[in-house]
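Please read the structure below before turning to the comments.
The values are calculated or read from the model by the stated rules, or taken from the named source; none is laboratory data. Since we're looking at a predicted model, the values are computed, not measured. A quick note on method: Cβ atoms are made from the backbone with ideal geometry, for glycine too, and the neighbour counts reach across all protein chains shown.
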Amino acid sequence: MVTTDRYNPHEIEPKWQKYWEQIGLLRASEDSGRGKKAYILVMFPYPSGDLHMGHLKNYTMGDVLARWRTQQGYSVLHPFGWDAFGLPAENAALKFGISPADWTFGNIQQSKESLALMGIQYDWSREVTTCTPAYYKWNQWIFLKMYEKGLAYRKKSYVNWDPVEQSVLANEQVIDGRGWRSGALVEKRELEQWYLKITDYAERLLADLDKLPRWPEKVKAMQRAWIGKSVGAEFDFPVKGHAHKIRVFSTRPDTIFGATFMVLAPEHELVARITTPEQKEAVEAYVAATRMKSEVERQREDREKTGVWTGAYAINPANGKEIPIWIADYVLAGYGTGAIMAVPGQDQRDWEFAEKFGLEIIRTVEPPAGWQGQAYTEDGPAINSGFLNGLYVEEAKQKIIAWMEEKGIGQAKVNYRLRDWLISRQRYWGTPIPMIHCDSCGIVPVPYEDLPVVLPTLKDVEDIRPKGKSPLAAHPEFYQCTCPKCGGIAQRDTDTMDTFFDSSWYFLRYTDAHNENLPFDPTKANFWMPVDQYIGGIEHAILHLLYARFFTKFLHDLGLVEAEEPFEGLFTQGMVQGWTDVGEVVLEGQTLRFKNPERRAKLELPETLTLEEAQKSGAELRTHEDGTLHFWKPATMSKSLGNGVMVGPFVREQGADIARITILFAAPPENEMVWTEEGVQGAWRYLNRVYRLVSENLTELKAQSETFEPAELEGAHKALYQKLHQTIKKVTDDLEALRFNTAIAALMELLNALSDYRKEQGVSPVFRHAVLRYVQMLAPFAPHLAEELWHHFHTTSVFHAPWPTLDEEALKADHFELVVQVNGRVRGRTTVSSNASEEEIRRLAKALPNVQQHLEGKEVVKEIYVPKKLLNIVVRG
RNA sequence: GCCGGGAUGGCGGAAUGGUAGACGCUACGGACUUAAAAUCCGUUGCCCGCAAGGGCGUGUGGGUUCGAGUCCCAUUCCCGGCACCA
């Protein structure tokens, strides 16, 4: 036996990292000779500097898949890059006086070191950094293409204004009325801005979700809800005594006979024109009050309905009735036509409004007998509806729409909640919008040959500070230019693009990262696209993933890429949590009171907790060295909480493979995982056992031949061979489904089997065979250790050896354990030969003493035999 | 309210309608050690029993089935998303 040197990651890991660098492992090539490709992609990050284990989880998952596909012989693309434009760089500049570019590139350097320490391998030759002109030139190119196709346009409208970021935001970036990043209450401002016409793609974005079986249902549901398709009709109500008509959208045109009033959004353009002099004051006051209200106030759920009558009447085209026109803020200016016909009988919101203001309610759908509720929104026969009477909702809709079309009043219409994407930002650190404003020619695109419009380096940090308009607007050397059309004096657009523009197509740039003529070469993109497995956080369920799908469809329409969907498989990983000190607590009887309100609030804990509640929540009380009592609980790792386990120190103390196993084994990857010392210990113990299995038997293993005839194996040898192949099947299947935790559990089981075998049988050809296959299967998870162990036996990389193939024959055991049930309860088990006849098996089962006891004096009614598994004897009496 | 997903030991979690609790952690007992750490061996869902064995057990109540954690119906609770979108 060779003396046992200890598993020493610090020696092993740097050595093999260098080796992989040398052999160009995971350097992608469009080598179609391999027959199959795998594009494994993790969402590229904003470069934030030092990384903690929370950042590393999805990169580790991607690395496992990329290495595994390499072993399987795929052409693998596993690239990385940086979503490098954005506000944090500006904020850092303002805080530390360092330029956004220097700060960004410094962070990138730091982050790269962390990735390298973890042994995560990328094709760095395809690295993409969005803040470089080489990249954002193509943002501008794509923007110009969109402009040409009428998909980029300028519009003056009420927009979301984030007072902290001092910039406008897209709808998708406003969560509960607050800026998604700043958390500040968003204001409405009327501004002229650039939009992308994502609404033109609404139907395709919705329909194609059905072509994505490997996406989480929850993400698809969120996108469907965001797109918000609704089918109905759009039609006109004439205003009494005016030439104006009020156009409304309704999903229930069949209820038109029950429309007893109309409601306009306060911002509706007709409001001022139809309001009668008597009502003018009240209406103007209401409109002004609405403007003052924040989005949050307007959306508060318990809000009572409010509104004001305009004094005007409309004519219900179905029955000629005069109905009053109101304004109310429950009708939104931005959806549909900004006006509704109110049908209180069939709409709960209208019901509430009608009740409050004493307006007429007519039911037009017969509710079921005994109906106690208010508005009835379900199906039923039409009543009080003239020629629709008796028809059920669907039929009635069709008939009324046909009638409207015939009368020229309106027609069927599909509406979406999705709005166009506002992409202008009044910030410095982003892609300049490649447009020129000329006094005589109007808006003129920058000619393609003049791209990129380079973002100027601002030397004084004060120049970067947001002031409510773009910092570039203070720099004539940037914006002063000549009009490409007339040659006269003109000004560049001084806004920059939303950084989500950058991330909407970066995965395509990876396929051809250095192309200087096009964003990417279609041939190369077509080789790699679509991404086979995309891994990232659920927070991008709508924003990034919707925009990326939109861009892919647009670029497809331009003929640049065949794929219409960018990501074939999507995986949203759970967060990594760390034990977190919430701060000192004092115990008052059974109640804990927090002494650090800031941290308490950040972790969404109440001011006080009972001891019982604290325990139930999984929290721990720890006495610190100074004698104070602290409240600890797991919380998502973050810089601001200071609870992140930092990659550098951890890897230097413990090792990368240990970190990788800890992350992958602790929980299913889609779940949250809590990083614990115990988990780390478990990972260490496991890898150490693997290491010793080889090192303690090294001489014998090396001397041992690997030739044997599987069919001739018997007893323990056959059992080991069988266990090996069960494991090959399990690990392969689990990797396919990203079930890393159960794959590692299967490897642990096989390790236990190998140790037991070694103790009883010593080193044999099957043992050597199994150990080497073991090392190969370990390789995606703990690559450094696997490579080290592999090189005791081979001179080339473990990642270049073909993934172990499954021997189906091996799975067929010559014996199996028969479970015997009586009336569905297990009463005995016995080992039976696989070629025993069914008759034989029934006889053996009934001969078991305990089974006999349960059969005694009973009549056998039925026997169910599940081959190679179980016999259930059903008895009576 | 609507949509999506859940509920299994002390904990993380396993289980194509066929042995519930794989694998790991924790805890306990033992070996090694002057001792500790590390390592190794064993026990670890609950209850009764010396044991053989038996009973109970996958949020709750029903159902289908020879057999249900798994399928169906109802219900409670938890997590996530959306929420006056006509």
Please identify the pairs in which a residue from region A:108-124 that is on the phi > 0 side of the Ramachandran plot has its Cβ atom under 9 Å from the Cβ atom of a residue that is crowded, with 20+ Cβ neighbours inside 10 Å and acidic (D, E), counting only partners at least 6 apart or on another chain. A:G119/A:E13; A:G119/A:D63; A:G119/A:D657
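Residues are listed down the side, and each one gets a yes or a no for (1) surrounded by 13 or more Cβ atoms within 10 Å (Cβ to Cβ); (2) at pLDDT below 95; (3) within 21 Å of A:S755 (Cα to Cα):
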{"position": "A:T610", "(1), (2), (3)": "no, yes, no"}
{"position": "A:G642", "(1), (2), (3)": "no, yes, no"}
{"position": "A:R660", "(1), (2), (3)": "yes, no, no"}
{"position": "A:E700", "(1), (2), (3)": "yes, yes, yes"}
{"position": "A:F708", "(1), (2), (3)": "yes, yes, yes"}
A:E172 is checked against (1) within 16 Å of RNA strand B (Cβ to nearest atom); (2) assigned to a strand (DSSP E or B) and fails just one. What number does that condition carry? (2)
Would you check if there is a residue in region A:310-322 being hydroxyl-bearing (S, T, Y), assigned to a loop (DSSP other than H, G, I, E, B) and at pLDDT 90 or above? no
Residue that is nearest to A:V365 (Cα to Cα) [pool: residues in region A:230-271 that are touching a helix residue (DSSP H, G or I) at 6+ places or on another chain (Cβ under 8 Å) and either without any contact (Cβ under 8 Å) to a residue 24 or more places away in the chain or more than 16 Å from RNA strand B (Cβ to nearest atom) (or both)]: A:V239
Take A:I327 and decide whether it is within 16 Å of A:V248 (Cβ to Cβ), out of contact with any Gly (no Cβ under 7 Å at 6 or more places or on another chain) and of a type outside the set (D, E). no
Out of the residues in region A:458-479 meeting the condition of being in a loop (DSSP other than H, G, I, E, B) and either modelled with pLDDT of 85 or more or not basic (K, R) (or both), tell me which one is surrounded by the most Cβ atoms within 10 Å (Cβ to Cβ). A:S470
On the basis of being without any contact (Cβ under 8 Å) to a residue 24 or more places away in the chain, of a type in the set (A, V, I, L, M, F, W, C) and within 28 Å of A:Q533 (Cα to Cα), does A:A683 make the cut? no
How many of the residues in region A:383-398 are surrounded by 17 or more Cβ atoms within 10 Å (Cβ to Cβ), out of contact with any Asp or Glu (no Cβ under 6 Å at 6 or more places or on another chain) and farther than 26 Å from A:W326 by Cα? 2
Mind checking which pairs have a first residue in region A:12-24 that is over 15 Å from A:T70 (Cβ atoms) and a second that is surrounded by 19 or more Cβ atoms within 10 Å (Cβ to Cβ) and of a type in the set (V, I, T), Cβ under 8 Å, 6 or more apart or different chains? A:E13/A:V651
Given the criteria touching a residue at least 24 places away in the same chain (Cβ under 8 Å), of a type outside the set (F, W, Y) and either within 9 Å of RNA strand B (Cβ to nearest atom) or surrounded by 12 or more Cβ atoms within 10 Å (Cβ to Cβ) (or both), does A:E788 qualify? yes
Selection from region A:12-65 of residues that are basic (K, R) and in contact with an Asp or Glu (Cβ under 6 Å, 6 or more places away or on another chain): A:R27
Would you pick out the residues in region A:561-608 that are assigned to a loop (DSSP other than H, G, I, E, B), touching an Asp or Glu at 6+ places or on another chain (Cβ under 9 Å) and surrounded by 20 or more Cβ atoms within 10 Å (Cβ to Cβ)? A:E565, A:Q573
The one condition A:E712 fails out of (1) at pLDDT 90 or above; (2) at negative phi is (1)
Restricting attention to region A:659-713, which residues are basic (K, R), over 23 Å from the mean Cα position of the chain (by Cα) and more than 7 Å from RNA strand B (Cβ to nearest atom)? A:R692, A:K702
Among the residues of region A:70-83, which ones are buried (at least 18 other Cβ atoms within 10 Å of the Cβ) and either more than 22 Å from the chain's Cα centre (by Cα) or without any contact (Cβ under 8 Å) to a residue 60 or more places away in the chain (or both)? A:T70, A:Q71, A:Y74, A:S75, A:V76, A:H78, A:F80, A:W82
Across region A:401-422, which residue is farthest from RNA strand B (Cβ to nearest atom) among those that are assigned to a helix (DSSP H, G or I) and over 29 Å from A:W226 (Cα atoms)? A:E406
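Filter region A:508-539 for residues that are in a helix (DSSP H, G or I) and within 23 Å of A:M575 (Cβ to Cβ); which is nearest to RNA strand B (Cβ to nearest atom)? Can you show your working first?
Filtering region A:508-539 for residues in a helix (DSSP H, G or I) gives A:508-512, A:522-528, A:538-539.
When the remaining residues are screened for being within 23 Å of A:M575 (Cβ to Cβ), the result is A:538-539.
Numbers: A:I538: 7, A:E539: 8 Å.
Result: A:I538.
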Scan region A:33-80 residue by residue and report those that are among the small types (G, A, S) and more than 13 Å from A:Y122 (Cβ to Cβ). A:G33, A:G35, A:A38, A:S48, A:G49, A:G54, A:G73, A:S75
Filter region A:24-34 down to residues that are among the small types (G, A, S) and outside any helix (DSSP H, G or I) and give me whichever is farthest from A:W684 (Cα to Cα). A:S29
Every residue in region A:736-755 that is closer than 24 Å to A:V674 by Cβ, more than 7 Å from RNA strand B (Cβ to nearest atom) and assigned to a helix (DSSP H, G or I), please. A:F740, A:A743, A:A746, A:L747
For A:P522, indicate whether it is modelled with pLDDT of 95 or more and not acidic (D, E). yes
Given (1) out of contact with any strand residue (DSSP E or B) (no Cβ under 6 Å at 6 or more places or on another chain); (2) free of Cβ contacts under 8 Å to residues at least 40 places away in the same chain; (3) within 26 Å of A:R842 (Cα to Cα), identify the lone condition not met by A:H794. (3)
Restricting attention to region A:809-827, does a residue exist that is surrounded by 12 or more Cβ atoms within 10 Å (Cβ to Cβ) and at positive phi? yes
Among all residue pairs at least 6 apart or on different chains, which show Cβ distances below 6 Å where the first residue, located in region A:744-766, is over 21 Å from A:D734 (Cα atoms) and the second is small (G, A, S) and part of a helix (DSSP H, G or I)? A:Q761/A:A716
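Each row is one residue, and each column tells you yes or no for (1) hydroxyl-bearing (S, T, Y); (2) at pLDDT 90 or above; (3) in a helix (DSSP H, G or I); (4) touching a strand residue (DSSP E or B) at 6+ places or on another chain (Cβ under 7 Å).
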position	(1), (2), (3), (4)
A:M1	no, no, no, no
A:Y7	yes, no, no, no
A:H10	no, yes, yes, no
A:Q22	no, yes, yes, no
A:S48	yes, no, no, no
A:G62	no, yes, yes, yes
A:R69	no, yes, yes, yes
A:G73	no, yes, no, no
When only residues in region A:214-229 that are near RNA strand B (Cβ under 10 Å from one of its atoms), part of a loop (DSSP other than H, G, I, E, B) and in contact with a strand residue (DSSP E or B) (Cβ under 7 Å, 6 or more places away or on another chain) count, which is nearest to A:A342 (Cα to Cα)? A:K229
